[in-house]
Every structure is written in C-alpha cells, then in structure tokens.
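Since the structure comes first, as structure tokens, the remarks are kept for the end.
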Amino acid sequence: MAGLLHNPYFATAAYFTVTGLAMILFLAIFELVTRYRVWAELKRGNMAVAMATGGKIFGIANVFRYSIQANLSLGQALIWGSFGFCLLLIAYFIFEFMTPSFKVDEEIANDNRAIGFIAMILSIGFSYIIGASLSK
C-alpha cells in the first residue's frame with residue numbers, strides 16, 4: 001500500500017476517499033452535538049445553519065489539508081486530522097460556553113445570521129491555528 005502512495009494519482013484518490021469518509025463521519029458527529037437538525041434546517045433555507053455548517057466543512061477540510069502536508073503516511077494524516085477535528089469540536093463547545101446570555105444552537109436554529117456567521121468564522125479561524133500547529 002505504501003508503495004502505491006508514491007503514485008500521485010493513487011495517492012490523491014486515497015487521500016480524497018479517506019478524508020471524504022472522515023468528513024462525513026465528523027459532520028455526523030456535529031449533527032449529534034447540535035440541538036438542531038442540520039439537513040432539515042438547510043432544506044428549510046436556514047442561512048445561519050448554512051454558514052455554521054459551511055464553516056465546519058471548511059474547518060475540517062483545512063485541518064486535513066495541513067495534516068496531509070505534514071505527515072508522510074495516510075494513517076498519520078488521518079490520526080492528526082482526527083485530533084484536529086476534536087479540537088474544532090472543543091472550540092465549538094467553548095463558543096457555546098462563552099455566551100451565557102444566549103444559546104448558540106438555538107440562535108442558529110432560529111436563523112440568527114450574525115451568530116451563524118461568527119460560528120463559521122470561528123471554525124475557519126481555529127482550523128488555521130490547529131493546522132499550523134500540525135505542520136510544526
């Protein structure tokens with residue numbers, strides 16, 4: 001398998017497949033920890049959910065981007081990318097904790113676009129911080 005990863009076409013397909021499956025899993029985990037149903041809200045046209053979810057997708061992809069660049073094997077990239085995802089999840093919980101005057105999930109479910117936008121920027125911003133630390 002390791003020899004096949006020296007072929008750029010096979011390596012790209014392998015990283016795409018593994019990180020794509022990881023992204024599906026991680027989005028499902030985000031779906032479990034939020035108080036709203038992401039896909040039902042997206043179908044309804046909830047832009048706050050779209051922004052928050054888009055930020056999570058970008059954040060996960062960005063963490064994996066750094067992880068792939070920093071590691072020599074697919075397994076290591078997956079482990080470090082998963083660790084980075086856990087840190088993104090913690091950042092989301094901290095955001096909820098740091099806003100005691102309102103509940104982030106409820107505001108996003110109610111299409112509060114300002115909160116959805118901040119959630120998106122937090123996911124994106126922390127993905128760069130996490131990614132930079134993974135590439136050290």
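The values are calculated or read from the model by the stated rules, or taken from the named source; none is laboratory data. Note that the structure is a prediction, hence the values are computed from the model and not measured. So basically every Cβ, Gly included, is an ideal-geometry build from the backbone, and we count neighbours across all protein chains shown. For accessibility, only protein heavy atoms count, side chains too; no ligands or nucleic acids. Shrake-Rupley method; radii C 1.70, N 1.55, O 1.52, S 1.80 Å.
For LEU32 and ILE90 in one chain, what is 0.36 nm times their gap in residues minus the Cα-Cα distance, to one decimal in nm?
Roughly 19.5 nm would be gained on extension.
Quick check: residue separation of GLN76 and ILE121 times 0.36 nm, minus the Cα distance between them. What number comes out in nm?
Using 0.36 nm per residue and subtracting the Cα-Cα distance, I get 13.5 nm.
Diagonalise the Cα gyration tensor of the range 1-60 and give the resulting equivalent ellipsoid semi-axes, square root of 5 times each eigenvalue, largest first, whole Å.
32, 11, 8
Please work out the FRET efficiency for the pair TYR9 and GLN69, using the Cβ-Cβ distance as r and a Förster radius of 22 Å; give the result to the nearest 0.05.
Computed FRET efficiency for TYR9 and GLN69: 0.75.
Tell me, what is a quarter of the convex hull surface for the C-alpha atoms of the range 64-119, in nm² with one decimal?
Computed as one quarter of the Cα hull surface, the answer is 4.5 nm².
With a sphere of radius 12 Å drawn around the Cβ of ASP111, what net charge do the other residues whose Cβ falls strictly inside it have (Lys, Arg +1; Asp, Glu -1)?
-1
According to the Kirkwood expression over distinct Cα-Cα pairs, how big is the hydrodynamic radius of the chain, in Å?
Result for the chain, one decimal place: 15.5 Å.
Using a 7 Å offset from the Cα along the Cα-to-Cβ direction at both PHE83 and ARG44, what is the distance between the two label points in nm, to one decimal?
Taking the two extended label points, one gets 3.9 nm.
Full extension from SER133 to PHE58: what is 0.36 nm times the residue separation minus their Cα-Cα distance, to one decimal in nm?
Taking 0.36 nm per residue and subtracting the Cα distance, the gain is 25.3 nm.
For the range 29-104, what Kirkwood radius comes out of the mean inverse Cα-Cα distance, in Å?
Kirkwood radius, the range 29-104: 13.8 Å.
State in Å² the accessible area per residue of the chain; use a 1.4 Å probe, count heavy atoms of protein chains only, and round to the nearest integer.
That works out to 58 Å² per residue.
With a 1.4 Å probe and all protein chains left in place, how much of the accessible area of the range 4-136 comes from carbon and sulfur atoms, in whole percent?
Carbon and sulfur together cover 72 percent of it.
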